[in-house]
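Data first, discussion second: the structure below is written as structure tokens.
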Amino acid sequence: MSGKRDLEAAPMPIGFVAHGSPMLALDAVKGGELHDWAVAMPKPRAIVIVSAHWQTRDPTIGATTTLPLLYDFSGFDDALSKIQYAPPGAPDVAARVEQLLSRVTIGKSPDRKLDHGVWVPLRHMYPAADVPILQLSLPRREPADLFDLGRMLAPLADEAVLVLGSGVLVHNLRSIDMGGAAAPPPWAREFDSWCGDVLARRDFDALVGFRVRAPKRAMAHPTEEHFLPLLVAAGAASTRSRAVTFPITGFEFGSLSRRCVQFT
């Protein structure tokens with residue numbers, strides 16, 4: 001027995017993955033932690049993922065065919081631009097997402113490649129590239145609207161689809177230490193701990209109101225795009241009672257949070 005739950009027996013978890021630096025793609029140790037997390041979950045028939053690195057006015061469906069990867073970064077190891085990861089597209093899931101989002105304006109971008117917020121963590125989580133992936137953009141909306149977007153996507157979890165937000169819970173690039181020697185500063189620990197506390201208590205009102213309720217918010221997120229995918233995941237998880245766990249925690253590069261979230 002593998003210990004995995006039957007896909008027919010229970011809904012998929014919903015998650016938020018910290019995609020970190022693009023260098024995570026080459027890190028076997030941290031990548032191994034992501035892989036262990038994925039193995040501990042039921043294997044999804046497909047993944048719908050919202051990344052901090054694709055923002056649009058309206059929610060937009062990305063490619064439904066396999067395209068080359070988007071290497072949307074510079075100044076890193078040249079080996080990153082040689083990485084290949086070619087999971088199948090998910091046209092059937094795209095059609096289902098259209099149906100679920102029928103009451104909002106939705107766009108399509110069939111030439112949109114998977115950005116590093118998608119392929120960097122997923123190549124570790126599902127290295128065989130055998131799970132179809134659909135990227136959905138992060139719309140430029142208020143936090144409550146993104147939470148509602150997640151609620152609309154919630155039925156996917158009952159259809160063996162993993163709904164995943166991809167960002168970083170503490171993301172201030174001006175404060176990172178690429179040498180990795182610096183300890184996390186108090187403000188980073190405080191914001192990360194606040195996230196862990198409100199998530200554990202399922203205090204979604206506080207989460208949506210993070211701009212005024214979270215400590216050290218301006219330091220933790222000079223811009224908000226790396227936090228906002230969490231709201232989509234939390235919205236999807238809010239439609240039923242789900243336990244909250246943190247399969248990976250800690251920091252890298254000083255202040256960059258590695259906290260991942262699973263709603264089970």
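The values are calculated or read from the model by the stated rules, or taken from the named source; none is laboratory data. From a predicted model like this one, the values you see are computed outputs, not experimental measurements. Cβ atoms come from the backbone with ideal geometry, glycine included; neighbour counts cover every protein chain shown.
Before we move on, is SER238 among the hydroxyl-bearing types (Ser, Thr, Tyr) and in contact with a Ser or Thr (Cβ under 9 Å, 6 or more places away or on another chain)? No: the conditions fail for SER238.
Here GLN135, GLN84 are screened, and the one residue that is without any contact (Cβ under 8 Å) to a residue 24 or more places away in the chain and in contact with a Leu (Cβ under 9 Å, 6 or more places away or on another chain) is GLN84. Kindly indicate whether any position in region 187-200 is within 26 Å of LEU24 (Cβ to Cβ), surrounded by fewer than 23 Cβ atoms within 10 Å (Cβ to Cβ) and at pLDDT below 95. Among the residues of region 187-200, not one is within 26 Å of LEU24 (Cβ to Cβ), surrounded by fewer than 23 Cβ atoms within 10 Å (Cβ to Cβ) and at pLDDT below 95, which makes the answer no. Within region 197-233, the set of residues being aromatic (Phe, Trp, Tyr) and assigned to a loop (DSSP other than H, G, I, E, B) comprises PHE227 only. The residue that is surrounded by the fewest Cβ atoms within 10 Å (Cβ to Cβ), among those in region 42-58 that are within 22 Å of ALA86 (Cα to Cα) and in contact with a Lys or Arg (Cβ under 8 Å, 6 or more places away or on another chain), is LYS43. Of all residues in region 90-127, those being assigned to a helix (DSSP H, G or I) and out of contact with any helix residue (DSSP H, G or I) (no Cβ under 6 Å at 6 or more places or on another chain) number 14. Within the bounds of region 217-230, is there any residue that is touching a Lys or Arg at 6+ places or on another chain (Cβ under 9 Å) and surrounded by 22 or more Cβ atoms within 10 Å (Cβ to Cβ)? Yes.
Which residues, taken from region 28-71, are assigned to a strand (DSSP E or B) and aliphatic (A, V, I, L, M)? It would help to see each step written out before you state the result.
From region 28-71, those assigned to a strand (DSSP E or B) are 46-56, 60-61; that's our starting set.
Listed by number, the residues that qualify are ALA46, ILE47, VAL48, ILE49, VAL50, ALA52, ILE61.
Just to verify a result, which residue in region 133-176, among those that are part of a loop (DSSP other than H, G, I, E, B) and over 16 Å from the mean Cα position of the chain (by Cα), is surrounded by the most Cβ atoms within 10 Å (Cβ to Cβ)? This residue is ASN172.
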